[in-house]
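Asks: Could you have a look at this structure, given as structure tokens, before my questions?
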Amino acid sequence: MATVRHDDGDDAARLRAAMVDELRGDPITSTAVADAMGVVPRHLFAPQTSLKEVYESNTAVPVKRDRDGLTLSSLSAAHLQATMLEQAAIGPGMSVLEIGSMGYNAALLAELVGPAGHVTSVDIDPDIVERARAGLARAGYDRVEVVLADAEYGVPAAAPYDRIIVTFDSPDIPPAWLEQLAGDGRIVVPLRMKGVTRSIAFDRDGDGLISRDYRLCRFVPAQGDGAHAPRRLTLDTEVYLSVEDGEEAGFEVAALQRALRRPATRSWPGAAFDLPDELELFLLTGSPRMALLHASQTRIKEGLLNASAGLGVPALIAGDGSFAYRIKRAARQGGDAFECGVIAHGPSAADVAARYGDLLCRWAGRFRRRGAARIRYLPAQTPIPQEANPGGVVRKRHGSVVVAWPENPHPPGGISA
Ligand SMILES: C[S@@+](CC[C@H](N)C(=O)[O-])C[C@H]1O[C@@H](n2cnc3c(N)ncnc32)[C@H](O)[C@@H]1O
């Protein structure tokens, strides 16, 4: 696909250049992605939205909502699109499948694959398919093929794909995506694990996949046959745990509810707090008895739980319903350092707090660094390696995610046991 040049008015061109400048360095690291984002007229894919809003680098433009107001389709935030395009490392001549359409990201893909490449984009919603086709035609990218289908089954007609980019929150990786990925292909997918979604760039590795990069992200939910709302266990009004399918059985809700009503203990094991998104993944995959604990701002203001539960915090759950979770405070050493603490509730609060504290100290002293986790996806028929840490195995409908943490050979200093 030849680069299309646009005479789209000074304002759009100026705002687009500013958006690309803002994204340069992080997340844009390649000239190819900077050039593509610099040339595709994003505003032609959201004609009812103001130029200023369309070219905000960090906000999505909602396009369709369900009856409860939940966004089902949006023009994704440029920051996230750039992140995923860099993760995908798309080159000229590639064949790419985009899962979830709107037109703009498909046009960026068309720029990246060039005239010798091919882009297929699939969406389950006929309105979105029509909208994407119209936007692509307006912007001059009508060689992109937009298909109406449930992407749970991929788009076999144009397979295999060198790259697959998924643009909705995926509870799992359906077999069709693996089947339709080329032998040396890469899939970038916002995969939900233990209640948190990360955009993961996976390469093939034997029957399964191995991660190359991962970043926190948020996306609209999957629809169709693969749709799957996160499971919640309610502990009190506006307080819940999000758990994986099948995990519910391992948690005794009545015991957790009783534990929450008991007074809390607080301890400071001497572990540094930084890289919070990495720490969260380390904790969530540190024990099979970890789940994400959430509380509303109202319950936090009432003092029921600490503010760390506002965005969801990993909680370690004991068999008797006692549980512990992480808090933080400015470190005594001063500066801008923080340290982790532990709040625990329930009859064995001291024991569960000590186990949580151990995990925090292990992270701070031996593992702490960015991007260290090795995330594998293994299809259902592939055995889980015996050496896998049970906490790092997340069972899915079509397979398992297995997260491993190689030790950091050069552990950082700072407060830590
Ligand atoms: C965030 S939007 C896509 C954004 C788009 N890639 C862009 O250019 O910004 C996600 C889309 O995924 C679609 N979707 C959700 N579940 C799907 C499924 N099972 N198959 C195909 N499309 C699906 C929704 O209809 C929605 O339009």
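The values are calculated or read from the model by the stated rules, or taken from the named source; none is laboratory data. Note that the coordinates shown come from a computational prediction; the quantities given were computed from them, not determined experimentally. Cβ placement follows ideal geometry from the backbone for every residue including glycine, while neighbour counts extend to all protein chains displayed. Heads up: the accessible areas ignore ligands, DNA and RNA and are worked out on the full protein's heavy atoms, side chains in. Shrake-Rupley method; radii C 1.70, N 1.55, O 1.52, S 1.80 Å.
Asks: Within the range 331-417, considering only strands (runs of 3 or more DSSP E) that don't extend past its boundaries, which have at least 1 residues that are surrounded by 17 or more Cβ atoms within 10 Å (Cβ to Cβ) and of a type in the set (D, E, K, R)? Even if it seems obvious, please write down each step before you answer.
Replies: Working: elements: 338-345, 374-379, 393-395, 399-404.
Because the criterion is at least 1 residues that are surrounded by 17 or more Cβ atoms within 10 Å (Cβ to Cβ) and of a type in the set (D, E, K, R), the strands (runs of 3 or more DSSP E) in the range 331-417 that meet it are 338-345, 374-379.
Asks: Could you tell me whether the range 308-315 includes any residue that is surrounded by fewer than 17 Cβ atoms within 10 Å (Cβ to Cβ), under 22 Å from Arg231 (Cα atoms) and under 24 Å from the mean Cα position of the chain (by Cα)? Quick ask: steps written out before the conclusion?
Replies: Taking the range 308-315 first, the residues surrounded by fewer than 17 Cβ atoms within 10 Å (Cβ to Cβ) are 310-311.
Still in the list and also under 22 Å from Arg231 (Cα atoms): 310-311.
Pick out the ones that are also under 24 Å from the mean Cα position of the chain (by Cα) and you get 310-311.
So far as the range 308-315 goes, yes, one or more of its residues are surrounded by fewer than 17 Cβ atoms within 10 Å (Cβ to Cβ), under 22 Å from Arg231 (Cα atoms) and under 24 Å from the mean Cα position of the chain (by Cα).
Asks: Of all residues in the range 102-124 being open to solvent by 10 Å² or more (accessible area, probe 1.4 Å) and either assigned to a strand (DSSP E or B) or polar (S, T, N, Q) (or both), which is farthest from Asp162 (Cα to Cα)?
Replies: The qualifying residue farthest from Asp162 (Cα to Cα) is Asp123.
Asks: So which of Pro115, Pro160, Pro156 is touching a Leu at 6+ places or on another chain (Cβ under 7 Å), more than 12 Å from the ligand (Cβ to nearest atom) and not aliphatic (A, V, I, L, M)? Reasoning before the result, please.
Replies: On the way: Pro115 fails: touching a Leu at 6+ places or on another chain (Cβ under 7 Å); Pro156 fails: touching a Leu at 6+ places or on another chain (Cβ under 7 Å).
The conditions single out Pro160.
Asks: Among the residues of the range 225-249, write down those that are open to solvent by less than 40 Å² (accessible area, probe 1.4 Å) and either at positive phi or outside any loop (DSSP other than H, G, I, E, B) (or both).
Replies: Hits for the range 225-249 are Gly226, Leu233, Leu235, Val239, Leu241, Ser242, Val243.
Asks: Find all pairs meeting these conditions: Cβ atoms under 9 angstrom apart; at least six residues apart or on different chains; first residue within the range 252-271 and on the phi > 0 side of the Ramachandran plot; second residue among the β-branched types (Val, Ile, Thr) and open to solvent by 20 Å² or more (accessible area, probe 1.4 Å).
Replies: If the second residue must be among the β-branched types (Val, Ile, Thr) and open to solvent by 20 Å² or more (accessible area, probe 1.4 Å), the pairs left are Gly270/Ile415.
Asks: Within the range 1-88, which helices (runs of 4 or more DSSP H) (wholly inside it) include 2 or more residues that are open to solvent by less than 10 Å² (accessible area, probe 1.4 Å)? So that I can check it myself, show each step before the final result.
Replies: Values: elements: 10-23, 31-39, 51-54, 78-88.
Filter on the range 1-88 gives 10-23, 31-39, 78-88.
Here is a yes/no grid of residues against (1) in contact (Cβ under 8 Å) with a residue 24 or more places away in the chain; (2) within 12 Å of the ligand (Cβ to nearest atom); (3) farther than 28 Å from Gln48 by Cβ:
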site: Ala137; (1), (2), (3): no, no, no
site: Leu148; (1), (2), (3): yes, yes, no
site: Val189; (1), (2), (3): yes, no, yes
site: Phe202; (1), (2), (3): yes, no, yes
